[in-house]
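Working notes, structure below.
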Amino acid sequence: MSEHPSMRTPLGRVRNLGSSHSGTQDFWRQRLTAVAMTLLIVPVIVIVLMLLGRHQAGAAQILGQLPIAILLLLFIIASAWHMKIGMQVVIEDYVHSEKLKLSSIMANNFFSFAVALASIYALLKLSSGV
């Protein structure tokens with residue numbers, strides 16, 4: 001029997017761990033959110049241009065329309081999710097201390113959720129005219 005060179009790291013051979021394949025799921029999710037943002041960016045730019053120079057009541061009238069609110073909500077969700085995945089990949093690749101990596105990923109999750117929540121709250125508040 002001939003020995004084939006292993007692609008696993010020495011630690012992986014000792015622990016008998018192979019590839020977890022978890023990166024492909026994040027890869028496809030990030031591509032999905034990128035496509036969603038690409039499709040939504042033109043309508044979002046048009047909406048922003050429609051809002052320029054308007055007072056709060058005028059902005060509330062535009063943002064209060066269901067199709068516009070849905071487009072902006074979808075863009076907010078796709079952007080926050082895309083940001084979360086992208087930063088997580090950077091953290092996993094470049095932060096080597098396990099404790100720092102874990103705390104950074106937790107902070108990234110919290111920050112991404114907070115940005116999405118604040119953006120959705122602002123959109124709902126503006127669209128209701130309050």
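The values are calculated or read from the model by the stated rules, or taken from the named source; none is laboratory data. As the structure is a prediction and not an experimental result, all values here were calculated from the model. Here the Cβ positions follow ideal geometry from the backbone for every residue, glycine too, while neighbour counts run over all protein chains shown. Keep in mind that these areas ignore ligands, DNA and RNA; they rest on the heavy atoms of the full protein, side chains included. Shrake-Rupley method; radii C 1.70, N 1.55, O 1.52, S 1.80 Å.
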Charge dipole (segment 21-130, unit charges on Cβ, about Cα centre) - positive-most of L39, S119, L52:
L52
I want to check the label-to-label distance for V48 and R31. Put each point 7 Å from Cα in the C-beta direction and report it in nm to one decimal.
2.7
Quick one: Debye curve from the alpha-carbon atoms of segment 52-130 only, equal weights, vacuum; give me log10 I(q)/I(0) at q = 0.14, 0.16 Å⁻¹ to two decimals.
-0.57, -0.66
Per residue, in Å², the accessible surface of segment 68-112 once ligands and nucleic acids are set aside, probe 1.4 Å:
63
